[in-house]
1. Figure the gain on full extension for residue 318 and residue 175 (residue separation times 0.36 nm, minus the Cα-Cα span) and round it to one decimal in nm.
2. Taking N as the number of residues in the range 272-319, what value does Rg over Cα atoms divided by 2.2 N^0.38 Å take?
3. Place the peptides 93-103, 128-138, 114-124 in order of packing, highest mean first, counting for every residue the other Cβ atoms within 10 Å and averaging per peptide.
4. Give me the percent relative contact order of the range 106-159, please, defined on Cα pairs under 8 angstrom at least 6 residues apart.
5. For residue 151 and residue 303, calculate 0.36 nm times their separation in residues minus their Cα-Cα distance, and state this gained length in nm to one decimal.
6. Binning every alpha carbon pair distance of the range 125-194 at 10 Å from zero, what are the percents per bin?
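We did not get these values from a lab; they are worked out from the coordinates using the rules stated. As the structure is a prediction and not an experimental result, all values here were calculated from the model. Every residue, glycine among them, receives a Cβ derived from its backbone with ideal geometry; neighbour counts consider all protein chains shown.
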């Protein structure tokens with residue numbers, strides 16, 4: 001196959017080539033591939049552009065850039081612009097400039113600002129609006145057009161100022177400081193102050209009555225009349241909605257009842273072991289991994305048994 005045949009075959013199967021063999025009408029990419037008649041194009045940054053890239057990709061659309069320069073800059077994502085779009089937010093409470101001295105036509109009838117109407121005004125409704133009084137005209141608000149990206153529109157924390165949370169922390173710190181000062185004052189006066197009662201949920205909590213002044217009952221503290229199984233007498237007074245003051249009748253035998261059948265006792269022992277191990281820093285949780293908790297308890301019991309037997313053996317060898 002000669003060079004002319006190869007050139008004819010290229011023109012025949014190239015859909016972008018023209019029917020006339022005119023260098024002016026032949027696409028730049030085909031001319032550059034065939035005979036390398038033109039030098040390799042470079043963009044505005046001086047980088048070489050691949051001659052195999054079509055012009056509809058290398059040239060920016062008319063609505064993006066009207067210069068007609070060949071570049072791939074419009075195909076790349078502007079990281080600086082995207083980052084600024086994700087961090088920008090509306091500047092709240094910023095005024096566009098000083099307030100006007102006279103009422104302007106088309107302004108808000110209530111406050112006199114040009115950036116909103118009376119139905120959208122956030123100022124207190126005046127008895128006589130600025131349109132008729134001409135007094136206390138407010139400045140125009142700063143209206144911003146924030147171009148947010150797809151991620152910034154769906155970011156639930158976008159625009160949140162973390163420094164605002166410091167006000168909440170300072171408020172709680174002041175309350176904690178006042179509480180400590182109150183405790184110190186009561187301690188110096190010699191008054192009986194139960195620190196445990198201060199941490200009990202509910203106001204005015206009475207450990208004897210097992211109720212608070214707001215009659216809020218915690219879930220673990222079930223009502224006594226629900227536990228009263230004695231049919232001989234009613235200990236609950238429905239008129240006052242309280243139990244009678246007979247403490248002996250309140251202490252029913254079912255209060256301290258522990259089921260002994262099955263593996264209930266073993267489960268209670270395992271649960272108590274997990275609580276004590278968690279307090280000492282061990283990662284034991286019977287609800288999350290009951291098998292690991294049971295194996296840890298068995299290993300602990302075996303080690304304790306071996307330790308006690310070894311100690312007993314040493315004492316027998318030493319003292320007979």
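1. Numbers: separation 143, 0.36 × 143 = 51.48 nm, distance 6.14 nm.
Value of the extension gain: 45.3 nm.
2. On the way: Rg = 14.5 Å, N = 48, 2.2 N^0.38 = 9.6 Å.
Ratio of Rg to 2.2 N^0.38 Å for the range 272-319: 1.52.
3. Values: 93-103: 11.2, 128-138: 15.5, 114-124: 13.5.
Put in order of decreasing packing, that is 128-138, 114-124, 93-103.
4. Values: 54 pairs, mean separation 16.7, N = 54.
Relative contact order comes out at 31 percent.
5. On the way: separation 152, 0.36 × 152 = 54.72 nm, distance 5.61 nm.
Going from the current span to full extension adds 49.1 nm.
6. Answer for the range 125-194: a P(r) of 13, 17, 16, 21, 16, 13, 4 percent.
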